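Following: one structure in structure tokens, then a few remarks.
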Amino acid sequence: MKKRIGSYPRVRVEGGGRAVVSQAGAVLLVETVCKAGLDRAISTALAPWRRPRAVHDPGKVLLDVALAVALGGDCLADVGMLRAEPAVFGPVASDPTVSRLIDTLAAAGPKTLHAIRAARAEARECVWSMAKTAAPDAGGQVIVDLDGVLVLAHSEKQDATATWKKTFGHHPLMAFVDHGSGGSGEPVAGLVRPGNAGSNTAADHITTGRLALAQLPKKYRRGRRTLMRTDSAGGTHEFTAWLARQGRWLSYSVGMTITDAVHEAALKVPPAAWTPAIKSGGEIRAGAWVAELDGDVLKGWPKGMRLIVRKERTHPGTQLRFTDADGLRLTAFATNTSGVPIAALELRHRQRARAEDRIQNARATGLRNLPVHDTAQNQIWLEIVQLALDLLAWMPMLALTGKTRRWEPRKLRLRLFSAAAQLVTTARRRHLRFASHWPWTGVITDALARLEALPNPADQYLPVPTSGTTPTGTTWNPAPTRRDSRALDLPTIRHKTRNSPPTSSADRHESHPDLWQRHPGAGKIGVGGRPADVVRSWCRFEPVRKSGAEDLAQHPEVLPRARRADSSLLPVPRRAVVRCGARHNAGRRRAWIWSANAAQGSISARPTAKCVSAFRGGTGAGTPRSERSLR
């Protein structure tokens, strides 16, 4: 028998493997979705488009497609790679269901686009608040870059026409938030346009600028802390006037076309007025100078505009233009920033070239082509691409450090997302075990640990105790919960009686009228508040003398707090449920559910069959009683 001799070892291939998860590194993106609250936000936003008795949530379906695109997919059918791993991604809709959802969302028009964008804006504010010093606004300013993208089409599609580069396809206009030299960037706006759309169409730039501002936190939607950067396509009278309009007061740095007037003014600048250009480190850039122009060239432009021109030696092989002088290439840009040296302003505008990297990443993440026929459907696809790019930007921002945060999507897929793992179930918990010999297993596990340390969306505004006891010595009792639950830590609620909630006036603690109010009729204990998100927590009832009502009255800060869409804090959510553990009494197990309904202004305690059955064990399971109010 002859042995095979070659460069690679020979292995036998079988197709009956189990408990192996491919693309297991994508759990990083799944955890990012959960920590950002994007799953809940987009599910709530798309709830009006969910049909009665539908199995799949539209928000979950849209996020599944976005995850598939983030992993390298370029069409709707690529969601099948997630469907093959239900242990990591949960139930995934079939291809016909995904296609029908895209048709439904496209038929609804701007309403669905507004809903998706509102959910993204809510999650973006949440991520930036968790990122802290790694957030794009850590320096007190947000930089938004606008640029066009040419997307080729290889078949007849709506609005696919010849482009200015003599190709065939579409010409979307995108906006990206710059993360600086230490990170990448995230998209905040995308507008599908025909292939023959103009590069300097002011109306499209204004529309994209409005969409971009709506994605930013409210404090950055106007004022000098937001900087808009564009190339010469944005150097129009209408767009600069819109940026500098009274009440908006945005900072801008837009490229300008070298007209005859600008060319003549640049030739008249004396040699002593030219300032050497600088690099990002502060060093002088050889062969480049900058100067500021004024006079007649600024007539007709917004008040406060500064026109800065740069001349530099051309790169080898570059063909000179008619506007170039003395063998030096001339470029110009306009800004309304004052009090900053022109060399620093020129460096800031030159860093707009990072937008080209963002466009390259977008092409590698679903924007290589627009896969569907209608423009409305392709606009939904563009929103899905932006969701995928958001996840690829938020995950490194929250979980990666150093050089790994600057990895581009291709490198993230190759080194992190493509890593396989073994699925192990033990103690009713599922674990993913990555191979110890994989070079980047440590990066994956460290990133997951950082994500686990972040607060859950519902808990970000909660006063979490720093020690194991309250100020009065009451012991805190955090109950064991699943890793992905949105549990809150509440103190142990103790009842004076063994079989019922507190019923005396002392238990109601009427000395706190703002918190506990006696309502006529049912006699329930009232709590103020308005509808908000759902918050759940576990606590255990213990038959001791001190009443739970007194505990809560003395420590109102432990009441659940939720955040509405307008970011205001509420004392109690609309439906804050406290599920209580079972307690053994005379051979029976009994469980109470305390529910706080802010819309009705009441808190009640009642046993339910579901709760009792959940803790039923041993012998003699008790029969639930009827609803009992706290009288």
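The values are calculated or read from the model by the stated rules, or taken from the named source; none is laboratory data. The structure presented is a predicted model; accordingly, all values stated were derived computationally and were not measured. Here Cβ is always computed from backbone atoms with ideal geometry, including for glycine, and neighbour counts include all displayed protein chains. Surface areas here come from the heavy atoms of the whole protein model, side chains and all, with no ligands, DNA or RNA. Shrake-Rupley method; radii C 1.70, N 1.55, O 1.52, S 1.80 Å.
A search for C-beta distances below 6 Å between a residue of the range 285-299 that is over 15 Å from ILE342 (Cβ atoms) and any residue that is open to solvent by less than 50 Å² (accessible area, probe 1.4 Å) and part of a helix (DSSP H, G or I), counting only pairs 6+ apart in sequence or on different chains, returns VAL297/VAL262; VAL297/ALA265.
Among the residues making up the range 215-240, those that are of a type in the set (Gly, Ala, Ser) and open to solvent by less than 50 Å² (accessible area, probe 1.4 Å) are GLY223, ALA233, GLY234, GLY235.
Which condition does LEU391 not pass, out of (1) over 14 Å from LEU29 (Cβ atoms); (2) in contact with a Leu (Cβ under 6 Å, 6 or more places away or on another chain), if it passes all the others? LEU391 satisfies every listed condition except (1).
Candidates in the range 389-428 are the residues that are in contact with a strand residue (DSSP E or B) (Cβ under 7 Å, 6 or more places away or on another chain) and outside any helix (DSSP H, G or I); of these, the one that is surrounded by the fewest Cβ atoms within 10 Å (Cβ to Cβ) is VAL424. The residue of the range 255-283 that is nearest to ARG313 (Cα to Cα), among those that are at pLDDT below 90 and acidic (Asp, Glu), is GLU264.
For the range 252-284, filtering for residues that are more than 37 Å from the chain's Cα centre (by Cα), free of Cβ contacts under 8 Å to residues at least 40 places away in the same chain and closer than 21 Å to ARG352 by Cα leaves 1. Taking TRP242, is it outside any helix (DSSP H, G or I), among the aromatic types (Phe, Trp, Tyr) and over 25 Å from the mean Cα position of the chain (by Cα)? No. Does ALA106 qualify as being farther than 16 Å from THR375 by Cα, surrounded by 19 or more Cβ atoms within 10 Å (Cβ to Cβ) and not assigned by the TED database to the domain that holds ALA189? It is false that ALA106 is farther than 16 Å from THR375 by Cα, surrounded by 19 or more Cβ atoms within 10 Å (Cβ to Cβ) and not assigned by the TED database to the domain that holds ALA189.
Just one of the listed residues (THR133, THR161) is under 28 Å from LEU227 (Cα atoms) and among the hydroxyl-bearing types (Ser, Thr, Tyr), and it is THR133.
Filtering the range 322-348 to residues that are surrounded by fewer than 16 Cβ atoms within 10 Å (Cβ to Cβ) and without any contact (Cβ under 8 Å) to a residue 60 or more places away in the chain leaves PHE322, ASP326, GLY327, SER338, GLY339, VAL340. From the list GLN386, GLN351, the one residue that fits, being open to solvent by 40 Å² or more (accessible area, probe 1.4 Å) and under 30 Å from GLY235 (Cα atoms), is GLN351.
Within the range 374-386, is there a residue that is in a loop (DSSP other than H, G, I, E, B), under 18 Å from LEU173 (Cα atoms) and out of contact with any Ser or Thr (no Cβ under 7 Å at 6 or more places or on another chain)? Yes; the residues of the range 374-386 include at least one that is in a loop (DSSP other than H, G, I, E, B), under 18 Å from LEU173 (Cα atoms) and out of contact with any Ser or Thr (no Cβ under 7 Å at 6 or more places or on another chain). Of everything in the range 39-52 that is farther than 18 Å from LEU382 by Cα and part of a helix (DSSP H, G or I), the residue that is least open to solvent (accessible area, probe 1.4 Å) is ALA41.
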